[in-house]
1. Do any strands (runs of 3 or more DSSP E) lying entirely in region 1-49 carry at least 1 residues that are at pLDDT 90 or above and among the charged types (D, E, K, R), and which ones are they?
2. Tell me, please, whether a residue that is in contact (Cβ under 8 Å) with a residue 60 or more places away in the chain, charged (D, E, K, R) and within 21 Å of Lys147 (Cα to Cα) can be found in region 351-369.
3. Given Phe353, Phe364, Phe370, which one is under 15 Å from Ser271 (Cβ atoms) and at pLDDT 95 or above?
4. Pick out the one residue from Phe207, Phe195 that is assigned to a strand (DSSP E or B) and modelled with pLDDT of 55 or more.
5. Taking Val146 as meeting all but one of (1) at pLDDT below 95; (2) surrounded by fewer than 22 Cβ atoms within 10 Å (Cβ to Cβ), write down the number of the exception.
6. Just for region 337-353: of the residues that are in a loop (DSSP other than H, G, I, E, B) and touching a Pro at 6+ places or on another chain (Cβ under 9 Å), which one is surrounded by the most Cβ atoms within 10 Å (Cβ to Cβ)?
7. When only residues in region 290-327 that are among the hydrophobic types (A, V, I, L, M, F, W, C) and within 22 Å of Glu262 (Cβ to Cβ) count, which is surrounded by the most Cβ atoms within 10 Å (Cβ to Cβ)?
8. Quick one: Met326 ticks every box in (1) touching a Ser or Thr at 6+ places or on another chain (Cβ under 6 Å); (2) closer than 30 Å to Gly101 by Cα; (3) at pLDDT below 95 bar one, so which box is it?
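The values are calculated or read from the model by the stated rules, or taken from the named source; none is laboratory data. Please read all numbers here as calculations on a predicted model, not as lab measurements. Counting neighbours? That spans all protein chains shown, and the Cβs are built from the backbone with ideal geometry, glycine included.
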Amino acid sequence: MRHVFIYVNPESGGRNAYHFIKQGVRSLELSKPEPLTLHISSIFEGESGNKPGFIKLREFLNNDEPEQPVFVITAGGDGTLTWVVSEVEKHSINPDLLCFGIIPYGTGNDFARALKWDKFRNLKPFEDNMKPLISYLSRLVKSDPVKHDFWDVFLTLNPGGSFNKINSKTRLKENIMDKDGNLVESMKFKMGNYFSIGTESRIGRGFDRRRTRYSCSNKLRYLIEAFKKTFMGLVYVNKQIDKVVYGEDEEVMFVTDSKEKELPVLLKSASLVVLNIPSFSSGIDPFSISSEIGIKNVSQEFKKELLMANQVMGDKKMEFFCYRDMKDVGLDMLKIGKSKRIHVGSGPWKIYFKELSKDEKSYFQVDGEFFQMYQPKLIEIKHYKTINVVK
């Protein structure tokens, strides 16, 4: 009998994920589609590093030594998966014994889209004699494991800088503070989908203020925010970033000095995106449909090689591209291919910022979580680990 551990974020999807736990079911044995035991728990139960649902998983692995990888399924948004992977580490569980999956309840659900699980969005598992749940499990037991990379993202500010985000409950801006009540000057994230800087992140931040529990309303709200922020003026990343380097030798990916004649120079860009999966901004596959380069002062051989590069999940590489204007994001939604390729590689990467005025705002996102920052100094990205996921 195979075991499936399901970790539920009851707040996801306008609380639609709450369907998994509202019946009070903690353990369930099924004979269809094959003998399975489900273990269901909320991610909010217990303290981080000491959560009953993960303790149960650890004890099961220690006692049973399963022959097949154990399914660990997150019922929530893409961020819930990242959180679960972090909790697995905090509970000293070997991720090589697990195969991670998702039942999508988020807004964008890009991870689920990349692995073709988005048809199960907002699943109501126990309705209609559990047919929705059995349908999901039928595909799960037939799925194949594939590799998926996670990355560490470190952000450092200059003295006097600050981070802030929109509080999901009050919808108000709040500064990021440490446990002593001081403004933090550095942050660290685990990233599984993508990271971006610029106007696209600014739009997402405005969307965070006004998101609803209904996906169709959220898409309309996002378009409204895109129009508003474009009308207010774009935040050009080439005005804020000084240069990006990669590898242990810190080879220059690009600089932003338009007068530079020798080094690669980033074209005028409203957003810089670092991509880990073939889905961005609720389903765009920007890298595969792009056909142009976003930097100048590079050879024809470099351009040819970059345009021929394919995106592969789990290859310990990431893809960099840019959008020169926010209307290009909309055109990419129509599969017109307006993103501009910049780089493919395994890192590590460092993004250096120019000296900005103390009042100048910068915007970034990690896997759909949007932030504003003042006085950015440096962003570092490096590989964290590779896990098994179901496809």
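1. 2-8, 27-30
2. yes
3. Of Phe353, Phe364, Phe370, the one residue that is under 15 Å from Ser271 (Cβ atoms) and at pLDDT 95 or above is Phe364.
4. The conditions single out Phe195.
5. Val146 satisfies all of (1) at pLDDT below 95; (2) surrounded by fewer than 22 Cβ atoms within 10 Å (Cβ to Cβ) except (1).
6. So the residue we want is Ser339.
7. Checked region 290-327; the qualifying residue surrounded by the most Cβ atoms within 10 Å (Cβ to Cβ) is Cys322.
8. (2)
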